[in-house]
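Below you'll find the structure, written out as C-alpha cells, and then a few comments.
The values are calculated or read from the model by the stated rules, or taken from the named source; none is laboratory data. Just so we're clear, the structure is a prediction, and the values are computed from it rather than from any experiment. Methodologically, a virtual Cβ is constructed for each residue, glycine included, from the backbone with ideal geometry; neighbour enumeration extends over all protein chains shown. Side chains included, ligands, DNA and RNA excluded: accessible areas come from the protein's heavy atoms. Shrake-Rupley method; radii C 1.70, N 1.55, O 1.52, S 1.80 Å.
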Amino acid sequence: MQITNNLTSWLEDSKESDFPIQNIPFGIASTKDTAARPFSRIGDHGIDLAAMADHGFFDNLEIDDLNVFYQDTLNDFISLGKPTTNKVRERIAELFSKDNIELNDNVEAKKAIIFSVDELIMAMPVHVGDYTDFYSSIEHATNVGMMFRDPDKALLPNWKHIPVGYHGRSSSIVISGTPIHRPYGQTKKNDEELPSYGASRLVDFELEMGFVLGKQTQLGEQIPIDNAEDHIFGLVIFNDLSARDIQKWEYVPLGPFLGKSFGSVISPWIVTMEALSQFKVKGPVQEPKVLPYLEHDGKHNLDVELEVHINTGKSMNKVCHSNMKYLYWSMAQQLTHHAVNGCNMNVGDMCASGTISGPTEDSYGSMLELAWKGTKPLKMQDGSERTFIQDNDTVIMKAYAQNDEVRIGFGDVSCKILAAK
Ligand code: CA
C-alpha cells in the first residue's frame with residue numbers, strides 16, 4: 001500500500017511527532033528481555049520486526065530469508081534491496097493504518113510487537129565497515145579557510161570541482177547517548193615553540209548528516225550520478241566530534257586523524273530516502289560548472305531543518321539552526337565522486353556530509369565557527385559562556401523535515417562530554 005500524507009494510525013496520533021506513520025524508520029534495539037534486533041517506530045511506540053516476522057506478517061513479501069529480521073544489525077535487511085525494504089515499510093504502514101484490523105484485532109500479537117520507546121535500548125543500526133567524511137558545505141569550508149589559511153583565498157582551487165572528503169575511522173562511530181571522554185593528544189599553543197601532551201582543551205561538535213549505503217559495488221565499479229541515490233538506503237544525524245587543538249597541530253588547516261577518531265555519534269533511527277522524498281529541493285547553483293560525471297539536474301538536496309542544543313546541566317541552549325539544503329555538494333555527487341576511481345562500497349558503509357553551516361552566524365554548524373575561533377563566546381541561559389564544549393556539557397542535535405501535511409524527523413543525537421580519563 002502506498003504511504004500517503006493523509007494516512008493515520010490506530011496506534012497513536014503521531015502527526016506532531018518526528019515519527020508519524022509516514023516515516024517508518026529502521027533501527028536496532030534490545031529490551032530488558034530480548035537481544036538486539038530490528039525495530040521500527042511510530043510516535044512513541046517501538047515496533048519489533050522480529051515479532052512481526054514471528055507472527056507471519058511479512059510472509060507474503062517474497063523475502064527468501066526471514067532471518068534478516070533477527071539480526072543485531074540491519075546490514076542483511078538493507079542488502080535485500082530497496083524494492084523489498086520498501087515493501088516492508090509499506091506493509092508496516094498498512095498494518096498500523098487506521099482501518100486495518102489484521103494486527104489491531106490480535107491482542108497476543110500486539111503485546112509481542114508493540115513496545116514503548118522508553119523500553120528500547122538503542123544500538124548501532126548498522127555495522128559500519130567503512131566511513132568517509134566529506135566537506136560539502138561551502139559556508140563551512142569558507143569559514144575554516146578564512147580562519148586557518150588565507151581569508152582572501154579561503155577555498156582551495158579544487159573545492160568547487162571536487163566533493164572533498166577523507167577516509168575516516170568507523171570503529172569510533174557510536175550510538176546516541178554514549179558519553180565521550182575529552183581526548184588526550186599532542187597540541188601546540190601559538191606562543192609555544194614545542195608541542196606538549198595533554199587533554200584537548202578545544203573539543204567541538206560538527207553538525208552533519210550521514211547517509212548509509214544500501215548497495216554493494218565491486219572494486220573497479222563506478223556509480224553513475226543518475227542512479228547514485230538508489231545506492232543510498234537512508235540517513236542519520238551525525239555529530240563528528242573534533243578536538244580542534246589536536247587537529248590544528250596535526251595538519252593545516254585541520255587534520256582528519258586523531259583530532260577526529262575519539263568518537264563520532266549518530267542518531268539511532270535510519271530515516272529512508274523514500275520517507276524524505278517529498279522534501280527534495282534543488283541545491284545551490286554550482287558555478288563553475290562541474291565536470292559531466294558530477295552533473296545532475298533537478299532536486300537532489302534535502303530540505304531538512306537542523307538544530308544544535310547545548311545542555312550545560314544548568315540550562316538548555318539552542319546554539320545553531322541550519323538546514324541540510326545549504327550543502328553545495330549533494331549526496332549523489334559525493335557518492336559518485338567517491339566511486340569514480342573504482343573504490344568499492346559495502347552495505348552499511350557510512351558517508352557524512354561535513355559540517356553543515358548556513359549563511360548566517362546562527363546557522364554555523366560548529367563551535368569553532370559560532371564562537372569564531374574563541375573570539376566571540378556564546379552566552380548560555382545560566383550566565384556562563386562557551387567558546388568550545390566543556391566537561392559535562394551534553395550536545396544534542398535534532399533534524400526534521402516539515403511541510404503543511406507531514407513532519408518526518410530523525411529524533412535526536414545526544415552526547416555528553418566527560419572529563420579526560
Ligand atoms: Ca566533519
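So here's what we get for this one:
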| item | result |
| --- | --- |
| Subset of the range 114-151 that is within 14 Å of the ligand (Cβ to nearest atom) and in a strand (DSSP E or B) - its residue that is surrounded by the fewest Cβ atoms within 10 Å (Cβ to Cβ) | THR132 |
| Members of the range 294-320 that are of a type in the set (Asp, Glu) and out of contact with any strand residue (DSSP E or B) (no Cβ under 7 Å at 6 or more places or on another chain) | GLU295, ASP297 |
| Qualifying position, being within 16 Å of the ligand (Cβ to nearest atom), open to solvent by 10 Å² or more (accessible area, probe 1.4 Å), touching a residue at least 24 places away in the same chain (Cβ under 8 Å) and over 27 Å from MET146 (Cα atoms), among SER176, SER170 | SER170 |
| Some residue of the range 103-113 being among the acidic types (Asp, Glu), outside any helix (DSSP H, G or I) and either open to solvent by 20 Å² or more (accessible area, probe 1.4 Å) or in the same structural domain as THR272 (by TED's automatic domain parsing) (or both) | yes |
| Residue match in the range 60-78 (condition: of a type outside the set (Lys, Arg), open to solvent by 50 Å² or more (accessible area, probe 1.4 Å) and touching a Leu at 6+ places or on another chain (Cβ under 7 Å)) | no |
| Top-ranked residue of the range 191-231 - restricted to ones that are closer than 29 Å to ASN75 by Cβ and assigned to a strand (DSSP E or B), ranked as nearest to the ligand (Cβ to nearest atom) | GLU208 |
| The lone exception for GLU369 - which of (1) under 30 Å from LYS15 (Cβ atoms); (2) within 23 Å of the chain's Cα centre (by Cα) it fails | (1) |
| Filter result (assigned to a loop (DSSP other than H, G, I, E, B) and under 17 Å from the mean Cα position of the chain (by Cα)) within the range 170-190 | SER170, SER171, SER172, SER176, GLY177, THR178 |
| Any chance VAL236 is open to solvent by 10 Å² or more (accessible area, probe 1.4 Å) and either touching an Asp or Glu at 6+ places or on another chain (Cβ under 8 Å) or among the β-branched types (Val, Ile, Thr) (or both) | no |
| Residue within the range 328-347 that is at pLDDT 95 or above, open to solvent by 30 Å² or more (accessible area, probe 1.4 Å) and part of a strand (DSSP E or B) present | no |
